[in-house]
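Notes to accompany the following structure.
Rule-based calculations on the coordinates, nothing more; no lab input. Everything numeric in this text was worked out from a predicted model, so none of it was measured. Using ideal geometry, Cβ is built from the backbone for each residue, glycine included, and neighbour counts are taken over all protein chains shown.
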Amino acid sequence: MTDFRIRSRDDGAALTVDALGKDHCVVSIKAASLEASTRVWVDESFAFAEFWRGLAAEWRGWSGKKTWESLEDEFGLSAESNRTGHIVVTVTLASSHDPNWRLEVTLALEAGQLERIASDAADFQKSLPAAA
């Protein structure tokens with residue numbers, strides 16, 4: 001699997017992560033009125049799949065925020081849950097070269113989606129040689 005994709009259940013906003021060579025990926029966000037992407041460095045510390053596995057393991061909900069960031073902070077995820085099985089994931093994209101460039105988009109997910117998303121994230125991460 002050379003890409004990872006999830007779509008918000010509410011507004012169709014989407015996160016896409018595409019492999020780019022052996023040690024980079026391109027992370028893209030598409031929402032109603034915007035589209036942005038950034039290049040992200042990938043190495044053995046790229047624990048993207050671990051973040052999603054952790055959410056899936058706690059599909060009934062958790063307290064507070066669960067967060068993950070790429071090594072150079074160009075890509076971040078923050079997840080919160082509520083008692084009704086709704087998950088809100090905030091995706092952050094930033095430029096490692098320009099501190100004024102930052103974008104956040106919220107994706108609404110259902111707890112029942114987390115197992116599939118975690119599996120897709122694991123398959124994607126396995127396809128990245130530098131993250132293996």
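For a test of the definition: using alpha carbon positions, the gyration tensor, and the 1.5 limit on a/c, classify the range 1-76 as rounded, prolate or oblate. Don't skip to the answer; put the middle values down first.
Numbers: a/c = 1.83, a/b = 1.11, b/c = 1.65.
Note, shape of the range 1-76 comes out oblate.
How high is the relative contact order of the range 52-102, in percent, with contacts defined as C-alpha pairs under 8 Å that are six or more residues apart?
Taking the mean separation of contacting Cα pairs over the length of the range 52-102, I get 28 percent.
Which value, in debye to the nearest 20, gives the size of the charge dipole of the chain about its Cα centre, when Lys and Arg are +1 and Asp and Glu are -1 at the Cβ? If you can, show how the numbers build up before the last one.
Details: 14 positive and 21 negative charges, 85 e Å.
The calculated dipole for the chain is roughly 420 debye.
Highest mean first, how do 120-127, 64-71 rank when packing is the count of other Cβ atoms within 10 Å averaged over residues?
Packing proxy ranking, top to bottom: 120-127, 64-71.
Evaluate the relative contact order of the range 69-132 (contact order divided by residue number), counting alpha-carbon pairs under 8 angstrom at least 6 apart; express in whole percent.
Working: 77 pairs, mean separation 14.9, N = 64.
Computed value for the range 69-132: 23 percent relative contact order.
Between N82 and T67, how many nm apart are label points set 7 Å from Cα along the C-beta direction?
So the label points at N82 and T67 sit 2.2 nm apart.
Taking a ≥ b ≥ c as the square roots of the eigenvalues of the Cα gyration tensor of the range 1-44, is the shape rounded (a/c under 1.5), prolate (a/b larger than b/c) or oblate?
prolate
Kirkwood Rh, the chain, all Cα pairs: how many Å?
Details: mean 1/r = 0.0675 Å⁻¹.
Result for the chain, one decimal place: 14.8 Å.
Among the aspartates and glutamates, which have Cα under 20 Å from the Cα of K126 when same-chain residues fewer than 8 positions away are ignored?
Result set, ordered by chain and number: D3, D18, D23, D43, E44, E50, E69, E115.
What list of ³J(HN,Hα) couplings, whole Hz, do you get for the range 99-115 from phi and the Karplus terms 6.51, -1.76, 1.60, once you set θ to phi - 60° and write x for glycine and proline?
Once rounded to whole Hz, the list reads x, 8, 9, 8, 9, 10, 10, 9, 10, 9, 10, 9, 4, x, 7, 4, 5.
Sum -39500 (n - 2.57) across every DSSP H segment of at least 4 residues in the chain, then divide by the residue count to get the 222 nm mean residue ellipticity, nearest 500.
-5500 deg cm²/dmol
Is the C-alpha gyration tensor of the range 50-95 telling us rounded, prolate or oblate? Criteria: a/c under 1.5 is rounded; beyond that, a/b larger than b/c is prolate, otherwise oblate.
prolate
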